[in-house]
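Engineer: Sharing a structure below in structure tokens format, with a few things to ask.
Please treat every number below as a calculation from the coordinates, not as lab data. Predicted, not measured: the structure shown is a model, and the values here were computed from it. Note that we place each Cβ from the backbone using ideal geometry, even for glycine, and neighbour counts take in every protein chain shown.
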Ligand SMILES: [Zn+2]
């Protein structure tokens, strides 16, 4: 956690803000200024560093409390975030329309607001039309309008609305503003817009991207760091897909181990973490299974023969621990999806199927493996907090959560800070495919972190100085430390594709 990792110090940031912090942040305006939007003149007094004005009974005065809240909000706005989880396409692919169902403003609704629309009762056929390229972008509002009042206040919608405001200057989405929304979408969506959106507007230092594959050689290696998604290395497994690039022939389990080692030997030094979203298809109750037990099952899978669910689990369990061993050997933390499921309007998860209790069982493993439990296992975060409090190698990532349940996210963060060590939590991952929505989610996370720290000060649990001292670790330093980002960045500078 050396100083050079921190970039702007708190003092620098506050000095740079100058008059802007005093004027523009008055009342912690909804449309807080963006990173490139700061003035610079005389510096205001810093509430945390001057003697707090007190009332007759020794309580801080209203004015002093307001000053401190503004100071805290300003510091949180100015501190660059390390974004620990996204699914962003590479900009080049996005511009070519890869993975893009519709290249218009409705794309911002395609991940995740479409799920709330489905839950609100929007017919599947209308959702498909809305997210297709067949309907004129301006006419799409008519499809959305009947369902808008029901969803407009959820976290998923709020992130989109903030993005429309901060990126296109649109205050409210409606039949009149939809033209301005579409014009804004087209004007922004140009080469170089990822840098402008992520660093310029959202003040994000770097993102950690799961592109759903084993590894992506990104064209923006310093901005879009990559996870190794290891799902298909153990579920299935995808022998042709993963063995192909290695040029290795796979006839037995030893060969498959060699294929997996090839991926780790080639890419682990450039990757930030291993990502395993297996909870979408199975429980996390991975048992240690010896190679001799898994070998005959693997051979049968390879021949395309049917195996029983119990046999399939034996094989997956064995391969999971093989992957964890590789991750640990290469110093890569293992990120596990836990809790709530993402579902598109066309998926038909029932609530029961979505969250069977056994999927949230904690995972054991060696003490050298660093586990990151994603999405606070929402809604089971209290159990997870106990895990992070108890185990040195258990960490919690709040990625996705500020838009799933903003109120619970604030409660979680307050609980975490008074229960488990503060270096065990990461406070932001947008978890988005559309880069534009990251702006909205990041704004919600900054406001949520502000709220959590402010409330702990108001409740007399944290001192003002303690609250300010937590900002950089929460937004940035915790991630630098666990993911060794300085070294990764240097390594990536030398990557053959950089
Ligand atoms: Zn995700």
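Engineer: Rank-order 473-486, 303-316 by packing density, defined as the average count of other C-beta atoms within 10 Å over each peptide's residues, highest first.
Structural biologist: In decreasing order of mean packing, 473-486, 303-316 become 473-486, 303-316.
Engineer: Ranked highest first by average number of other Cβ atoms within 10 Å, how do 163-169, 202-208 line up?
Structural biologist: 202-208, 163-169
Engineer: I've got another one for you. So, by mean Cβ neighbours within 10 angstrom, what's the order for 403-414, 80-91, 142-153 with the highest one leading?
Structural biologist: Sorting 403-414, 80-91, 142-153 by mean packing, highest first, produces 80-91, 403-414, 142-153.
Engineer: Sticking with this one: Starting from 0.36 nm per residue, how many nanometres of slack lie between residue 249 and residue 307 once their C-alpha separation is accounted for?
Structural biologist: 18.7 nm
Engineer: A follow-up question, please. Quick check: pseudo-label points 7 Å beyond the Cα along Cα→Cβ at residue 331 and residue 497, how many nm apart are they?
Structural biologist: Using points 7 Å along Cα→Cβ, the separation is 2.2 nm.
Engineer: Once R0 is set to 30 Å, what does the formula 1/(1 + (r/R0)^6) return for the Cβ-Cβ distance between residue 132 and residue 212, expressed as a FRET efficiency to the nearest 0.05? Intermediate results must be reported in sequence, preceding the final value.
Structural biologist: Values: r = 22 Å, r/R0 = 0.73.
After rounding to 0.05, the efficiency reads 0.85.
Engineer: With a/c under 1.5 counting as rounded, go ahead and sort region 104-188 into rounded, prolate or oblate using the C-alpha gyration tensor (a ≥ b ≥ c being the square roots of the eigenvalues; past the cut-off, prolate if a/b is larger than b/c, else oblate). Kindly include the intermediate steps, with their values, before the conclusion.
Structural biologist: Numbers: a/c = 1.70, a/b = 1.23, b/c = 1.38.
The shape class here is oblate.
Engineer: If I take R0 = 22 Å and measure r between the Cβ atoms of residue 62 and residue 460 in this structure, what FRET efficiency does the formula 1/(1 + (r/R0)^6) give, to the nearest 0.05?
Structural biologist: Once the sixth-power term is evaluated, E becomes 0.85.
Engineer: Give the distance, in whole Å, between the Cα centre of region 155-173 and the Cα centre of region 216-285.
Structural biologist: 36 Å
Engineer: Something else now. Given a Förster radius of 25 Å and the C-beta distance between residue 142 and residue 183 as r, what FRET efficiency does 1/(1 + (r/R0)^6) yield to the nearest 0.05?
Structural biologist: 0.85
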